[in-house]
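These notes concern the structure reproduced below.
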Amino acid sequence: MKRARSTNKNPKCDLPDAKRIVIVDDHPLFRKGLEQLIHSDGAFAVCGEAGNASEAMDVIRKLNPDLAIVDLSLPGANGIELIKNIRAEFPICEEFV
């Protein structure tokens, strides 16, 4: 099964050696700033983002990233619950809080 490479059309996500990252935070400005910071290093690529836990699980299922950066205080289901769900479904995906 071929996985999607990106939800934001980032060409860096197509590089085979780039660590693919999904950012989960309910503040769009923070997500964009963190994305720009991460893209300043060629070894990483933000391939998706989400504003809440349910959206995050959809994006992670679609992209199967190497790393998920998760805010603890998300609306609805919090970051702790999201991390538990990610670990249950994707044991090799790393999480950074």
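A compact table of results
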read-out: Test: residue in segment 9-18 that is of a type in the set (A, V, I, L, M), out of contact with any helix residue (DSSP H, G or I) (no Cβ under 8 Å at 6 or more places or on another chain) and surrounded by 13 or more Cβ atoms within 10 Å (Cβ to Cβ); value: yes
read-out: Top-ranked residue of segment 39-74 - restricted to ones that are among the aliphatic types (A, V, I, L, M) and more than 12 Å from the chain's Cα centre (by Cα), ranked as nearest to residue 88 (Cα to Cα); value: 72
read-out: Looking only at segment 76-97, and only at residues there that are within 14 Å of residue 26 (Cα to Cα) and either of a type in the set (S, T, N, Q) or in contact with a strand residue (DSSP E or B) (Cβ under 9 Å, 6 or more places away or on another chain) (or both), the one that is surrounded by the most Cβ atoms within 10 Å (Cβ to Cβ); value: 82
read-out: Which listed residue, of 40, 73, is of a type in the set (Ser, Thr, Tyr), at pLDDT below 95, in contact with a Gly (Cβ under 9 Å, 6 or more places away or on another chain) and surrounded by fewer than 14 Cβ atoms within 10 Å (Cβ to Cβ); value: 73
read-out: Filter pass, residue 38 being within 16 Å of residue 13 (Cα to Cα) and β-branched (Val, Ile, Thr); value: yes
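The values are calculated or read from the model by the stated rules, or taken from the named source; none is laboratory data. Keep in mind that what you see is a predicted model, and the values were worked out from it rather than measured. Glycine also receives a Cβ, built like all others from the backbone with ideal geometry; neighbour counts cover every protein chain displayed.
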